[in-house]
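Input: a single structure, listed below in structure tokens.
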Amino acid sequence: MKKLTSIGKPLSRLEGCLKVTGKAKYAGEYDAENLLYGYVVNSTITKGKIKIIDTSDAMNLEGVVEIFTHENRPSTAWFDFQYADMDAPPGTVFKPLKDNVIRYNGQPIALVVAETFEMARFAAAQIKLAYQEEEFETDMEANLAKGRAPKKGLASMLKPPPPKPKGNFEEAYQNSFVKSSGEFRHGTEHHNPMEMSAATVIYEGKNKLKIYDKTQGTINSQLYAANVFGLKMKNVQVIAPFVGGAFGSGLRPQYQLFMAVMASLKLKRNVRVTLDRSQMYTFGHRPPTLQFTKFGADENGKVNAIYHKAIGETSQFEDYVEIVVNWANMLYPAENTLLEHELVPLDVYTPLDMRAPGGSTGMHAVEITMDDLAHKLHIDPVEFRLINYSEIDKSAEKEYSSKQLRQCYLQGAEKFGWNKRNPVPRSTKRGNKLVGYGMATGIWDANRLLARAQAIMTNDGKVEIKSAVTDIGTGTLTIMSQIASDVLGIPIEDITFSYADSKMPFAPIQGGSFTTATVGPAVKASCEALIEKLFEKAKYLENSVLRALKLDEVTFAEGFFISNNNLEARISLKEIFDANDGKEIKTTNSSMPNPLKFGKKARAVHSAVFVEVEVDEQLGVIEVIRAVSAVAAGKIVNPKTAESQILGGMIWGISKTLHEETILDHQFGKYMNANLAEYHIPVHADIHDLNVIFVEEQDDFINDLGVKGVGEIGVVGMPPAIANAIFNATGKRINNLPIHFDKLL
């Protein structure tokens, strides 16, 4: 009998109805008896010490239960080792309320706990503070002399440093037929998900907690809470089934989790702490980055020299690093390279991963430089990239496990109508609008980590799959159900995927576009093991008609194990469960890449992005009229949810290029537009015709399913494609993001 084929179907999200009807509960929405509300007080200076923190007036207000500061913070089991969570960079983790030292503007310095949120917020405004201010440095470009190499640590496994120099870059560059150099900047960006960071802590007695947290990793938050407060792991349960946008903001446990757990343990009450919109600007951000490129090519268009340097911002207490300069030589096989990355420690909070961290930053510089080379050589930008196409990652001298980027270029160009492009800048007009076409390449790592999953079948033939993985809105619940349905050969309606609970089998944080490639194989392994276990029980039933057969000689379908050679020889699930006294049958299995094999090939997802812009000739207003992203990402489990991911990335790419920037006033060391009125993001009127193509790609190396991630690749190529289109429209090469109309006037 034929198996179902759920993988590859454009299935709508299984939880979609719950979300659009408001029935899905988020971290700050869970009901609890006698719930207390916490409101965080943040520092208004950038560096110094708290001289006075007078809470007496606030404490006298009716309904205020407690105010926690560095002066009365309960003792914790603070650990001295370097890493506080799965995503911690090298350095010393920030400890809220540790002492009276102010390390950055907006640092949490107190928590007011009251019977209502409104009273907690009002009381917070009654606290009297006096500071001893110190000089601070928040301007990266004014402190470039302090730039240094990043410290090494566990993070280097997923964020490797730049490869060592190859050949002789300076000589090759100087002797190049054509050269292009550039200086690139992008400003600070902050996370602005719809759901703000929140934690609801249910105190279950005897230091046992159930926590609903805004997180991308339930086990990560569990690990943090247990270690910081000296609790047994089994006494901390973290649950996060619905996440209202994350994309990096929930990778590390944020300070609302610390505050809520601290208050709950001390007061032995249920406590909720929710950050407001302005407080979302007090932790983590995409760091401002300064980049320099120098690329050279010969008369045939072959790139022979690549120099790429990036200087990024980090805090004084941790070394946050991104992969910024590694990408060019992964794509373009120059023999002479010099790649450098430095960090400048400043009096800011540690930056935080934001969708395609490093990739969307570095590829912006790489692809504008490539476009400039093509223009100087009078070679079409697509043809130029095909001239420099390689099946290997030259930076590591490794063949790619799969790479259908060539088809991305060709199919994307055809869909877009690239052949209609006029290569001469300012040559195409539509009324009073200058029209430009631009394109760029996208690349992102295709990684895979360890994960576990459990498969449980009950006597009615229905199966529950369990994993601690979260679903941050990407469709994880749906695609894991599709995988289980195909492996087991049972309808998806009979599959329940239970997830986002730290008591379930291990899954890493959801980020880096590795979740499907990591958890999917674990789900597959547990389902296959369940089939094997059921078959073994079927074989050894009394008078079993399948006893002499092997698993590959039978088919499991419609509740029966059936001989492939004799359709009458079959055993039902009912018979198996009757012999098992009706008890459920379950298996728990792990899946991880073979460390001896996995590193032998380069692994990446690729894209080609094509963009049309209109620029108002008088006003300089820029509109992205249409865009096409052609993506090669292995097997696509669910084209509908995958397309949604790419579309979301494309919109974020438009936002990053034309809208988003947090402005830091270096006189005060403070972000001045910490709100959605002044931190600009796209609205419906900014988004026009966006199309996604998935190029067929077979990858038998990367995992059993042949899948790669699509979370990040959608954003990587958009900023340079837009910038290149603006150049084609106006003749102006603008290297600084965001690009506003004033730069075109």
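The values are calculated or read from the model by the stated rules, or taken from the named source; none is laboratory data. Remember, it's a predicted structure, so these values are computed and weren't measured experimentally. Backbone-built Cβ (ideal geometry, glycine too); neighbour counts: all protein chains shown. Note: areas computed on protein heavy atoms with side chains; ligands, DNA, RNA excluded. Shrake-Rupley method; radii C 1.70, N 1.55, O 1.52, S 1.80 Å.
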| query | Gly711 versus (1) part of a helix (DSSP H, G or I); (2) under 22 Å from the mean Cα position of the chain (by Cα): which is the lone unmet condition? | reply | (1)
| request: Name every residue in region 267-297 that is crowded, with 21+ Cβ neighbours inside 10 Å and either free of Cβ contacts under 8 Å to residues at least 60 places away in the same chain or in a loop (DSSP other than H, G, I, E, B) (or both), in order of residue number. | output: Asn270, Leu275, Thr282, Phe283, Gly284, His285, Pro287, Pro288
| field | Total residues in region 191-236, condition among the polar types (S, T, N, Q), open to solvent by 30 Å² or more (accessible area, probe 1.4 Å) and either under 18 Å from Lys266 (Cα atoms) or out of contact with any helix residue (DSSP H, G or I) (no Cβ under 7 Å at 6 or more places or on another chain) (or both) | value | 3
| Only one of Arg430, Arg452 is open to solvent by 30 Å² or more (accessible area, probe 1.4 Å), over 21 Å from Gln222 (Cβ atoms), touching a residue at least 24 places away in the same chain (Cβ under 8 Å) and out of contact with any Leu (no Cβ under 7 Å at 6 or more places or on another chain); which? | Arg430
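Return the residue satisfying two criteria in turn: it lies in region 400-412 and is within 22 Å of Ala365 (Cα to Cα) and touching a strand residue (DSSP E or B) at 6+ places or on another chain (Cβ under 8 Å), and of such residues it is surrounded by the most Cβ atoms within 10 Å (Cβ to Cβ).
Filtering first and then ranking leaves Leu405.
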| field | Count of residues meeting criterion [open to solvent by less than 30 Å² (accessible area, probe 1.4 Å) and either in a loop (DSSP other than H, G, I, E, B) or more than 27 Å from Val715 (Cβ to Cβ) (or both)] in region 455-473 | value | 12
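Does Asn459 satisfy being farther than 26 Å from Met363 by Cβ and over 29 Å from the mean Cα position of the chain (by Cα)? Don't jump to the end; show me each part of the working.
Values: farther than 26 Å from Met363 by Cβ: yes; over 29 Å from the mean Cα position of the chain (by Cα): yes.
The answer is yes for Asn459.
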| said: Suppose the filter is open to solvent by 10 Å² or more (accessible area, probe 1.4 Å), in a loop (DSSP other than H, G, I, E, B), farther than 23 Å from Gly248 by Cα and not β-branched (Val, Ile, Thr); does Ser513 pass it? | reply: no
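In the set Ile571, Ile585, which member is of a type in the set (Val, Ile, Thr) and surrounded by fewer than 19 Cβ atoms within 10 Å (Cβ to Cβ)?
Ile585
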| query | Could you give every pair whose Cβ atoms fall below 6 Å, whose first residue belongs to region 127-145 and is closer than 14 Å to Val348 by Cα and modelled with pLDDT of 95 or more, and whose second residue is open to solvent by 50 Å² or more (accessible area, probe 1.4 Å) and part of a strand (DSSP E or B), counting only separations of at least 6 or pairs across chains? | reply | none
| said: Out of Ala685, Ala677, I need the residue that is within 30 Å of Glu313 (Cβ to Cβ), without any contact (Cβ under 8 Å) to a residue 12 or more places away in the chain, open to solvent by 30 Å² or more (accessible area, probe 1.4 Å) and out of contact with any Cys (no Cβ under 9 Å at 6 or more places or on another chain). Which one? | reply: Ala677
| field | Answer from Lys159, Lys179, Lys151 - the residue that is under 31 Å from the mean Cα position of the chain (by Cα) and surrounded by fewer than 18 Cβ atoms within 10 Å (Cβ to Cβ) | value | Lys151
| said: List the residue pairs whose Cβ atoms are under 7 Å apart, where the first residue sits in region 484-508 and is among the aromatic types (Phe, Trp, Tyr), the second is modelled with pLDDT of 95 or more and open to solvent by 30 Å² or more (accessible area, probe 1.4 Å), and the two are 6 or more positions apart or on different chains. | reply: Phe506/Arg452
| remark: Picked from region 308-352 (must be open to solvent by 10 Å² or more (accessible area, probe 1.4 Å) and hydroxyl-bearing (Ser, Thr, Tyr)), the residue farthest from the chain's Cα centre (by Cα) is Tyr349
| field | Single residue of region 353-374 satisfying the filter (of a type in the set (A, V, I, L, M) and either assigned to a loop (DSSP other than H, G, I, E, B) or within 30 Å of Pro253 (Cα to Cα) (or both)) that is farthest from the chain's Cα centre (by Cα) | value | Met363
| message | Taking the criterion of being closer than 23 Å to Asn703 by Cβ and open to solvent by less than 60 Å² (accessible area, probe 1.4 Å), would at least one residue in region 370-393 satisfy it? | response | yes
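Kindly establish whether Phe598 is over 30 Å from Ala557 (Cβ atoms), surrounded by fewer than 24 Cβ atoms within 10 Å (Cβ to Cβ) and of a type outside the set (D, E, K, R).
The answer is yes for Phe598.
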| request: Could you grab me the full set of residues in region 298-329 that are touching a Gly at 6+ places or on another chain (Cβ under 6 Å) and assigned to a strand (DSSP E or B)? | output: Asn304, Ala305, Ile311, Glu318
| field | Single condition Leu290 does not satisfy, out of (1) in contact with an Asp or Glu (Cβ under 8 Å, 6 or more places away or on another chain); (2) of a type outside the set (Asp, Glu); (3) over 30 Å from Leu144 (Cβ atoms) | value | (3)
| Of the residues that make up region 427-450, is at least one modelled with pLDDT of 95 or more, in a helix (DSSP H, G or I) and closer than 29 Å to Gly359 by Cβ? | no
| request: Mind listing just one residue for me: the one in region 542-567 that is farther than 22 Å from Ala455 by Cα and not polar (S, T, N, Q) and, of those, surrounded by the most Cβ atoms within 10 Å (Cβ to Cβ)? | output: Leu546
| task | Would you mention how many residues in region 273-322 are aliphatic (A, V, I, L, M), touching a helix residue (DSSP H, G or I) at 6+ places or on another chain (Cβ under 8 Å) and more than 19 Å from Ala142 (Cα to Cα)? | result | 7
